[in-house]
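Encoded as structure tokens, the structure appears first; notes follow it.
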Ligand SMILES: C[S@@+](CC[C@H](N)C(=O)[O-])C[C@H]1O[C@@H](n2cnc3c(N)ncnc32)[C@H](O)[C@@H]1O
């Protein structure tokens, strides 16, 4: 079975590592900065660190849309398509085209040929208004081309502005190398996406979720009253706190910090305020983190984290750093350990 996964640009190496760990991977077929295609021995439904996982019907290289159509038309895709569509269902379908991720106009004659070939497999008819099945033919900048199946409408959950989506939380949390005895802290939790995803991810000892805004903390308390959090609510501690003064926690108490501090974009913070906020927070983080502790920060590209370290005596060091794209914004992920 072949699949195509999508993820935020910049996480390719981590995604490869996680897929190798979690699937009966036979091989990676191709990948670039934000998609990865793989062949798996067993059917896959979902991988929590991928934005989407689609059945892959056909793929190859094409220099333009015309050759992309030709490539698919020459691929024997019957088996892959039958497998990814529900059995015995006559499904209406639509084929949409994308060049470098943007919708593209069809080439009528080739499109009709492709629809006919798909009709022979699925039985259903083309229906662009209310299709049961959406197929997408993508042509990427690197001339990689692929046909994938999107069943029904994508279930993109509405997230409040600024909330990190669950798959991005997973990627950041995976970088922290989570352990079952973790005492976890996100001192800039916002909507608590990271602490709650950490709780869903697997065993831990305690999770502290803090924010300077009382209403954020109250919102988390209300959420923890929901039935789904019944078993875990006693191990999750929402706190109103200032991340630059964390004296409520004793030295070396925290094993993991994963956080998305303010990037200064929306808060109207000037560079002086950013430098102060980060230096004071990092000093506290250095004090709190246990010897084998680890911190992962997602930071806007305008925040000069390495300079903050080099201009101070904060006993922490960056062991990994890579550029990523989050909702179209340039950012950096830093993995940090005590020095
Ligand atoms: C970028 S947002 C975090 C978004 C979060 N990851 C999410 O998915 O919703 C940063 C948060 O830090 C909080 N904050 C700003 N300054 C703070 C401080 N000194 N101490 C603690 N929290 C602070 C803000 O109230 C905001 O909720």
Inset, instruction - Scan the stretch 291-307 residue by residue and report those that are crowded, with 20+ Cβ neighbours inside 10 Å and within 16 Å of the ligand (Cβ to nearest atom). - result: 295, 296, 297, 298, 299, 303
Legend entry - Residue among 288, 246, 269 that is modelled with pLDDT of 95 or more, surrounded by 13 or more Cβ atoms within 10 Å (Cβ to Cβ) and within 13 Å of the ligand (Cβ to nearest atom): 246
Inset, instruction - May I ask you to verify whether residue 320 is at pLDDT 95 or above, under 26 Å from residue 196 (Cβ atoms) and not in a helix (DSSP H, G or I)? - result: yes
Inset, instruction - Could you check residue 5 against (1) outside any strand (DSSP E or B); (2) within 13 Å of the chain's Cα centre (by Cα) and say which number it fails? - result: (1)
Legend entry - Those residues of the stretch 172-198 which are within 9 Å of the ligand (Cβ to nearest atom) and assigned to a strand (DSSP E or B), in sequence order: 186
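Please indicate, with yes or no, whether at least one residue in the stretch 96-109 is part of a strand (DSSP E or B), in contact with a strand residue (DSSP E or B) (Cβ under 8 Å, 6 or more places away or on another chain), free of Cβ contacts under 8 Å to residues at least 60 places away in the same chain and under 18 Å from residue 174 (Cα atoms). Spell out how you get there, then give the answer.
Going through the stretch 96-109, the residues part of a strand (DSSP E or B) turn out to be 96-99, 102-103.
Now narrow it down to the ones that are in contact with a strand residue (DSSP E or B) (Cβ under 8 Å, 6 or more places away or on another chain): 96-99, 103.
Then drop every residue that is not free of Cβ contacts under 8 Å to residues at least 60 places away in the same chain, which leaves 96-99, 103.
When the remaining residues are screened for being under 18 Å from residue 174 (Cα atoms), the result is none.
Looking for residues that are part of a strand (DSSP E or B), in contact with a strand residue (DSSP E or B) (Cβ under 8 Å, 6 or more places away or on another chain), free of Cβ contacts under 8 Å to residues at least 60 places away in the same chain and under 18 Å from residue 174 (Cα atoms), one finds none in the stretch 96-109, hence no.
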Inset, instruction - State which residue is surrounded by the most Cβ atoms within 10 Å (Cβ to Cβ) when the search covers only the stretch 42-51 and only residues that are touching a strand residue (DSSP E or B) at 6+ places or on another chain (Cβ under 7 Å) and touching a residue at least 40 places away in the same chain (Cβ under 8 Å). - result: 50
Inset, instruction - Given the conditions (1) within 14 Å of the ligand (Cβ to nearest atom); (2) on the phi > 0 side of the Ramachandran plot; (3) at pLDDT 95 or above, report the number of the one that residue 333 does not fulfil. - result: (2)
Inset, instruction - Give the number of residues within the stretch 17-44 that are outside any strand (DSSP E or B) and closer than 18 Å to residue 79 by Cα. - result: 4
Inset, instruction - For the stretch 148-158, indicate whether the set of residues that are touching a helix residue (DSSP H, G or I) at 6+ places or on another chain (Cβ under 9 Å), in contact (Cβ under 8 Å) with a residue 12 or more places away in the chain and assigned to a loop (DSSP other than H, G, I, E, B) is non-empty. - result: no
Inset, instruction - Output the residue which, of all residues in the stretch 210-239 that are more than 10 Å from the ligand (Cβ to nearest atom) and part of a strand (DSSP E or B), is surrounded by the fewest Cβ atoms within 10 Å (Cβ to Cβ). - result: 237
Legend entry - Those residues of the stretch 239-279 which are touching a strand residue (DSSP E or B) at 6+ places or on another chain (Cβ under 7 Å) and more than 25 Å from residue 205 (Cβ to Cβ), in sequence order: 263, 264, 265
Inset, instruction - Consider residue 112 carefully, then state whether it is over 15 Å from residue 134 (Cβ atoms) and either surrounded by 17 or more Cβ atoms within 10 Å (Cβ to Cβ) or modelled with pLDDT of 95 or more (or both). - result: yes
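The values are calculated or read from the model by the stated rules, or taken from the named source; none is laboratory data. If you're wondering where the values come from, they're calculated on a predicted model, not measured in any experiment. Please note: Cβ atoms are built from the backbone with ideal geometry, for glycine as well, and neighbour counts cover all protein chains shown.
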